[in-house]
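Enquirer: Below: one structure in structure tokens.
The values are calculated or read from the model by the stated rules, or taken from the named source; none is laboratory data. Everything numeric here is computed off the predicted structure, so don't read it as measured data. Ideal geometry is used to build each Cβ from the backbone, glycine not excepted, and the neighbour counts take in all protein chains shown.
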Amino acid sequence: MLSERESIADNTQARAKVTMKAKTIAILENRVGEQLADLVRKYGGTPFAAPALAEIPDIDPAHIAQLLADWDTHPPTVFVFQTGVGVKALFAATDALVLTDKLLQTLAAAQVVVRGPKPTGVLRSRGVRIDRSAAEPFTTHEMLAELDAIPLQGQRVVVQRYGETNQELQQALEQRGAELIEIATYRWSLPSDTAPLVRLMDALERSEIDAVAFTSAAQAGNLFTIAQQVSRQDKLRQCLNRTIVASIGPVCTAALERLGVKVSLEASPPKLGAFVSAINHALSEPPHGS
């Protein structure tokens, strides 16, 4: 027979497993949206798909070819890679140009700094040596901490852009005297179909959403852009502030807070598994005052 303590522990574990049952989790992710939805389903939840972001290829092969030619005489000292998808796009371009060997030679002669595990994985698959890697949670702050160890005055630094220019990183590099070369690989845009975002606002107003999962700062900005277009930004803010709002990490949290949205939880580490686990835990907590 189970002791009273063991029975309570078993009941608690059972409740945790079905916490998301009858709960609806809004997912604004696009690229790994189905992976995130599968994790929600494993906890018994119902995903509500409302992609808020589109990644548009934005790499110019002619520009890449010109850069590689210039680097024969003026090679960069440091390369900064920020996303896995961006690194893949860069190598796809050099593969098409038959210039990948030249890129690899240039990388071998420079210091390579990465923002996190995704660009690291892509670079290692190409045999690129990683010199410095930002610590968790892989924000610009951790990236700059790694760059502190590298003298940058008068040095050429190549930064792989993601979505949009990282203004904080750019300004910090310029203040340190670096000559910045930015490589655009893709840019962020509104999704071609914004109707799911409007449906999300409708569902929030009807209190049909139990938690909203934000996995990038740009998702928050785009959601409010659509809300502004339909004159519902104030109502959206009110609805989010009475709902569990989950953020993948500090950059996303800061963006939401700038929009007047209170963040209920932040993933630690900033990975999908930990993210959904944190949402599950938040939904398992009893309401205040109960």
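Enquirer: When you check residue 105 against the structure, is it in a strand (DSSP E or B), modelled with pLDDT of 95 or more and within 23 Å of residue 60 (Cα to Cα), yes or no?
Expert: So residue 105 does not fit the description; no.
Enquirer: Continuing with this model, one more query. Has region 155-164 got at least one residue that is of a type in the set (Gly, Ala, Ser) and modelled with pLDDT of 95 or more? Let's see the steps before the verdict.
Expert: Filtering region 155-164 for residues of a type in the set (Gly, Ala, Ser) gives 163.
Those still in the list that are modelled with pLDDT of 95 or more too: none.
No - not one qualifying residue is present in region 155-164.
Enquirer: Within region 133-141, identify whether any single residue is surrounded by fewer than 20 Cβ atoms within 10 Å (Cβ to Cβ), within 29 Å of residue 65 (Cβ to Cβ), touching a residue at least 12 places away in the same chain (Cβ under 8 Å) and under 21 Å from the mean Cα position of the chain (by Cα), and answer yes or no.
Expert: yes
Enquirer: Condition first: small (Gly, Ala, Ser), within 25 Å of the chain's Cα centre (by Cα), part of a loop (DSSP other than H, G, I, E, B) and over 20 Å from residue 114 (Cα atoms). Can you find one or more residues in region 53-73 that meet it?
Expert: No, because not a single residue in region 53-73 is small (Gly, Ala, Ser), within 25 Å of the chain's Cα centre (by Cα), part of a loop (DSSP other than H, G, I, E, B) and over 20 Å from residue 114 (Cα atoms).
Enquirer: Within 21 Å of the chain's Cα centre (by Cα) and surrounded by fewer than 17 Cβ atoms within 10 Å (Cβ to Cβ) - does that describe any residue in region 101-118?
Expert: Within region 101-118, one or more residues are within 21 Å of the chain's Cα centre (by Cα) and surrounded by fewer than 17 Cβ atoms within 10 Å (Cβ to Cβ).
Enquirer: Please specify each residue of region 108-130 satisfying the condition of being at pLDDT below 95 and either of a type in the set (Gly, Ala, Ser) or not assigned by TED's automatic domain parsing to the domain that holds residue 66 (or both).
Expert: Correct list: 116 only.
Enquirer: Kindly evaluate residue 60 against the criterion of being among the acidic types (Asp, Glu), surrounded by fewer than 22 Cβ atoms within 10 Å (Cβ to Cβ), touching a residue at least 60 places away in the same chain (Cβ under 8 Å) and in the same structural domain as residue 170 (by TED's automatic domain parsing).
Expert: Considered against the rule, which asks whether it is among the acidic types (Asp, Glu), surrounded by fewer than 22 Cβ atoms within 10 Å (Cβ to Cβ), touching a residue at least 60 places away in the same chain (Cβ under 8 Å) and in the same structural domain as residue 170 (by TED's automatic domain parsing), residue 60 comes out as yes.
Enquirer: Follow-up. Among the listed residues 80, 85, identify the single one that is more than 25 Å from residue 209 (Cβ to Cβ) and in a strand (DSSP E or B).
Expert: 80
Enquirer: Hey, another quick one. Among the helices (runs of 4 or more DSSP H) contained in region 179-290, which hold 2 or more residues that are among the acidic types (Asp, Glu), more than 19 Å from residue 45 (Cα to Cα) and free of Cβ contacts under 8 Å to residues at least 40 places away in the same chain?
Expert: Working: elements: 195-205, 217-229, 233-240, 250-258, 272-284.
Those helices (runs of 4 or more DSSP H) span 195-205.
Enquirer: Let me ask something additional. Answer yes or no as to whether residue 113 is without any contact (Cβ under 8 Å) to a residue 40 or more places away in the chain, among the aliphatic types (A, V, I, L, M) and at positive phi.
Expert: no
Enquirer: Can you tell me which residue within region 146-174, out of those that are of a type in the set (D, E, K, R) and in contact (Cβ under 8 Å) with a residue 24 or more places away in the chain, is nearest to residue 108 (Cα to Cα)?
Expert: 156
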